[in-house]
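Worksheet: one structure, shown below.
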Amino acid sequence: MRTYILPSLKLTLVLIIVCSVLYPLLISAIGKFTHDDGAGVKAYEHGLVVGYENVGQKFIADTYFQGRPSAVDYNAAGSAGSNKGPSNPDYLKIVQERIDTFLIHNPGIKKSEIPSDLVTASGSGLDPHISIQAAKVQVPRIAKLRNRTEKEIYQLIDKVKEEPMLSVFGPERINVLKLNIALNTL
């Protein structure tokens with residue numbers, strides 16, 4: 001019995017030190033070499049911090065682009081998905097409610113035109129990006145409410161869109177906070 005317990009305790013102690021002390025220190029040190037010392041990329045408007053570019057935020061007003069729904073109500077203290085599968089009746093009900101809400105706020109849009117990223121939450125619940133299609137489907141509403149032409153809003157989307165990493169990995173996307181800040185400058 002002693003031959004198994006002592007090595008198990010030693011291994012447990014080593015893993016506690018590695019996983020609970022050394023690894024977090026390493027990740028923290030790496031974060032210090034990033035923009036803003038690992039504290040997140042702050043977004044500014046008129047010299048004031050209005051949010052973080054790498055964390056999704058809730059925009060309620062119809063005059064702004066809406067981002068992805070959040071399973072954690074955009075609480076960055078703890079990210080999480082809903083953990084409900086696509087055949088779960090509760091999940092399907094939530095998605096249908098999001099579709100109905102979107103259609104109310106975006107008259108003239110058909111259900112089939114709604115991109116999935118506008119009605120489904122990301123795995124973290126804090127995704128700051130939407131697809132180009134998700135931004136473009138909201139243009140008629142925003143142009144009308146802001147008394148702008150749709151062409152102006154489309155040009156703004158083209159100006160703010162982010163290319164795939166290394167021009168290869170992933171799709172083009174839009175950071176919703178950056179887009180809404182640029183929208184305020186029109």
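The values are calculated or read from the model by the stated rules, or taken from the named source; none is laboratory data. This one's a predicted model, so the numbers in the text were calculated from it and none came from an experiment. We place every Cβ from the backbone using ideal geometry, glycine too, and count neighbours over all the protein chains shown.
Quick rundown of the values:
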item	result
Of all residues in region 124-170 being without any contact (Cβ under 8 Å) to a residue 12 or more places away in the chain and basic (Lys, Arg), the one that is surrounded by the fewest Cβ atoms within 10 Å (Cβ to Cβ)	LYS151
Filter result for ALA121 (in contact with a Phe, Trp or Tyr (Cβ under 9 Å, 6 or more places away or on another chain) and in contact (Cβ under 8 Å) with a residue 12 or more places away in the chain)	no
Criterion violated by GLY56 - all others in (1) over 23 Å from LEU179 (Cα atoms); (2) touching a Pro at 6+ places or on another chain (Cβ under 6 Å); (3) of a type outside the set (D, E, K, R) satisfied	(1)
Residue list for region 72-96, restricted to those being in a loop (DSSP other than H, G, I, E, B) and either polar (S, T, N, Q) or surrounded by 11 or more Cβ atoms within 10 Å (Cβ to Cβ) (or both)	VAL72, TYR74, ASN75, ALA76, SER79, ALA80, GLY81, SER82, ASN83, LYS84, SER87, ASN88
Residues (of a type in the set (A, V, I, L, M, F, W, C), surrounded by 13 or more Cβ atoms within 10 Å (Cβ to Cβ), out of contact with any Leu (no Cβ under 7 Å at 6 or more places or on another chain) and under 24 Å from PRO115 (Cβ atoms)) located in region 34-71	PHE59, ALA71
Residues satisfying the stated conditions in region 6-44, i.e. of a type in the set (Val, Ile, Thr) and either under 20 Å from ALA77 (Cβ atoms) or modelled with pLDDT under 90 (or both)	ILE27, ILE30, THR34, VAL41
Enumeration of residues in region 125-140 that are among the charged types (D, E, K, R) and within 26 Å of SER79 (Cα to Cα)	ASP127
So VAL55, is it touching a helix residue (DSSP H, G or I) at 6+ places or on another chain (Cβ under 9 Å) and not in a loop (DSSP other than H, G, I, E, B)	no
